[in-house]
Number of protein chains: 2
Amino acid sequence: MVQESRKKEILKILDEQESLSVQELEGRFKVSQMTIRRDLTDLETRGYLIRKYGGAVKSEAVESLFSFNKRVEENGRQKEKICRIASGFIEEDDVIFIDCGTTLFRLSHYIQDKTRLRIITNSLPVVSELINYSNIKITFIGGDVVGDRKASYGDTAERLIGEYHADKAFIGADGVSLSKGLSSYDEKEARITRKMAENADKVFLLCDSSKIEKNSFYRFAPVSLINVLITERKISVENTSRYQDNDISIITNTEEV
Amino acid sequence: MVQESRKKEILKILDEQESLSVQELEGRFKVSQMTIRRDLTDLETRGYLIRKYGGAVKSEAVESLFSFNKRVEENGRQKEKICRIASGFIEEDDVIFIDCGTTLFRLSHYIQDKTRLRIITNSLPVVSELINYSNIKITFIGGDVVGDRKASYGDTAERLIGEYHADKAFIGADGVSLSKGLSSYDEKEARITRKMAENADKVFLLCDSSKIEKNSFYRFAPVSLINVLITERKISVENTSRYQDNDISIITNTEEV
DNA sequence: GTTGAATCGATCATAATCGATCATAATGTA
DNA sequence: TACATTATGATCGATTATGATCGATTCAAC
């Protein structure tokens, strides 16, 4: 058996059983413990599993290269709907910031047929999705590339965003509430998001309804930063009017604007 | 049996069994290992399978969106060799510029197992290839993304490179000669290349031998910019010494330094 | 905490495989 | 037939994978 296929086999086994031991693999493949250890070490540096004493366990995010495979599936239909609605706000010749994250990634599906756009993003999946469309010009925000997020972050990235100005920014958040503003689970992402919002004329927050009036741990901006909140279904009349009192339009389908 | 039908047989076998070894094919077809290896190498360059130590595995159906299509590439083996040689110059903790282009892309294969590197690049395929390796930190040079080159260019990109400093730069060119220096077919690429070279302590030009003492239309730097020229086969003694007179080492295999 | 067993990783020696090269055989062609 | 082209096999130094050893580390049971 070829070495590489043994490693593939190992991953297949791990796909079905949460954890595995060096011993069991040693017997399974008829090779020495040392060889198994070497395989596991290698697979770990490639991010496919996490080495433990005596064996290995599943890695949290075993996603393929630039797709968000698994996470994309969660609430997929909701996100699709949100993005379809959001795409209605994109007009010819717009310059647009697109935030990173699984929701925003889907937006790129809906803008492929728009004419003459400039997209400014720090998201590699977005670039990957739009790179072959000649009608769309892409500016990628450089910086430190973070593997599991497939995007770039850091001081350089933030500074670069500040050098651009966009007509519209499409951003995400892990929570939004009138009292605490926008919040995120990840600080470095939040800093990028805020920077994009600050440098755009009009800010659209794409956010599924479960996150509305919820807060995540890092608060990074007041609600006044956003102009439009797009979500997949109607929210309570009470909340709608409270947001509107703060000059934020809430959009849940393409008819009402 | 005719050669071509043996190759077809090999693909049939691979269709059913994930991977195959040189050994098993040797017995199956009653030919020498060398012949099997040649078959596999050929099938690989045509994109039908992926060569691994000891045999071959199925070609992945879904390749990374950012990787170059290897099968249609000319001089693939030469480029592989050049990059294998070049990788020998990479040391632990190095900060490295990697230029874009099909040759330099292959370098990323050979640096995956290096420990602790920082790669600074404007090449999306390079990022795609290395993004999952936790031992390698990646800084992406932002800027205008050019689809068919899968890299970013422009004033922003050039300015950003100037903000960094690397121990080594690995660059490419479409021509190099003592009299006219480095030349390129593409001005915007050349500007990036030059900028990387200017901001690195040591500059390695990776260049197949057909481009040596040839010139392309845009001359962008004197030969004095480079320190080492790596190519796939020995060049004339005369040329070798002439380059050495200009303080440029010519490397064609791993021994001589 | 102490102890013993299991596991780990570093290192070295060995084995398998690799690709480059050259010689030979098979095939095609004038 | 003579010659060029192509495929194959054999050899060899280089590279890579593997296995064995051993002191260090980790774990679990006491």
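Under a 10 Å cutoff between Cα atoms, tell me which one of B:V176, B:V237, B:V203 has the largest fluctuation in the Gaussian network model of chain B. With Cα springs under 10 Å in chain B, the top fluctuation among B:V176, B:V237, B:V203 is at B:V237.
Students often get this wrong: which residues of the stretch B:24-56 have the backbone nitrogen under 13 Å from the point 7 angstrom along Cα-to-C-beta of B:D113? Counting backbone N atoms under 13 Å from the label point, the list is B:53-54. Placing a label point 7 Å from Cα along the Cα-to-Cβ direction at B:F29 gives distances to the equivalent points in the other copies of 2.7 nm, listed shortest first. In the stretch B:143-178, burial by the other protein chains removes 50 Å² or more of 1.4 Å probe accessible surface, compared with the chain on its own, from B:V145.
Of all DSSP beta bridges confined to the stretch A:125-257, the antiparallel ones make up roughly 40%.
The stretch between A:E198 and A:R51 holds 48.7 nm of extra length on full extension. This uses 0.36 nm per residue minus the Cα-Cα distance.
With helices as the sole contributors, chain B gives -10500 deg cm²/dmol at 222 nm; each DSSP H run of n ≥ 4 counts as -39500 (n - 2.57), and the sum is divided by every residue. Relative to the longest principal axis of the Cα atoms of chain A, the long axis of helix A:76-87 lies at roughly 40 degrees.
Copy-to-copy label distances for B:K202, where each label lies 7 Å from Cα along Cα-to-Cβ, are 5.5 nm in order of increasing length. Taking only protein heavy atoms and a 1.4 Å probe, what accessible area per residue, in Å², does the protein assembly as shown have with all protein chains in place? Averaged over the residues of the protein assembly as shown, the accessible area is 47 Å². In the stretch B:97-127, the residues whose accessible area drops by at least 10 square angstrom when the other protein chains are added to the isolated chain are B:R118, B:L124, B:V127; the probe is 1.4 Å and only protein heavy atoms count.
Over both sides of the B-A contact, add up the buried accessible area with a 1.4 Å probe and give it to the nearest 100 Å². Approximately 2800 Å², summed over both chains. Computed on chain A, with alpha-carbon pairs under 8 angstrom and 6+ residues apart, the relative contact order is 14 percent.
Which whole-number value in Å³ per residue fits the convex hull of the alpha carbons of the protein assembly as shown?
On the way: hull volume 89.5 nm³, N = 514.
Taking only Cα atoms, the protein assembly as shown has a hull volume of 174 Å³ per residue.
The count of lysine pairs in the stretch B:70-251 whose Cα atoms are under 19 Å apart, excluding pairs fewer than 8 places apart on the same chain, comes to 24.
A Förster radius of 56 Å combined with the Cβ-Cβ distance from A:E24 to A:E91 puts the calculated FRET efficiency at roughly 0.40. Extending 7 Å from Cα along the Cβ direction at A:D15 and again at B:D155 yields two label points whose distance is 5.0 nm. Taking max minus min of the alpha-carbon positions on each principal axis, chain A gives extents of 68, 42, 33 Å, largest first. Rounded to 0.05, the FRET efficiency of the B:R242 and B:S209 pair, given R0 = 22 Å and the Cβ-Cβ distance, is 0.90. Taking the empirical scaling 2.2 N^0.38 Å for compact globular proteins as reference, the stretch B:3-58 has a Cα radius of gyration ratio of 0.95.
Using a probe radius of 1.4 angstrom, the carbon and sulfur fraction of the accessible surface of the protein assembly as shown is 45%.
The values are calculated or read from the model by the stated rules, or taken from the named source; none is laboratory data. Because the structure is a prediction, the values reported are computed rather than measured. We place every Cβ from the backbone using ideal geometry, glycine too, and count neighbours over all the protein chains shown. Just so you know, the surface numbers come from the protein's heavy atoms only, side chains and all, with ligands and any DNA or RNA stripped out. Shrake-Rupley method; radii C 1.70, N 1.55, O 1.52, S 1.80 Å.
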